[in-house]
Amino acid sequence: MMSLPFFGLFTSLALIGSGRRRSAIFFWVLSFALLLVLLRDHVADTLRMLL
């Protein structure tokens, strides 16, 4: 699940290389938003430690 934003960023870089700037910006913003959502869910999880 955490790899999805990185695939989006790779897609954004590929689109920049092909000259499609608007699509690249869209994928970058989408990837960044997804990364923030996943980070929020990850930070809110409780950590269970069994000693």
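For this structure, a couple of remarks:
- From the C-alpha gyration tensor of the chain, square roots of 5λ in Å: 32, 10, 4
- Highest-fluctuation residue, 12, 23, 31 considered, GNM on the chain with Cα pairs under 10 Å: 23
- Linear extension gain, residue 20 paired with residue 33, 0.36 nm per residue minus alpha-carbon span: 2.6 nm
- When you filter the trypsin sites (Lys or Arg not before Pro) in the chain for DSSP loop state and at most 10 other Cβ atoms inside 10 Å of their Cβ, you are left with 48.
Read the figures in this text as sums done on the coordinates, not as results from a lab. Since this is a predicted model, take the numbers as computed values, not measurements. Don't worry about glycine lacking a Cβ; one is built from the backbone with ideal geometry, like all the others, and counts go over all protein chains shown.
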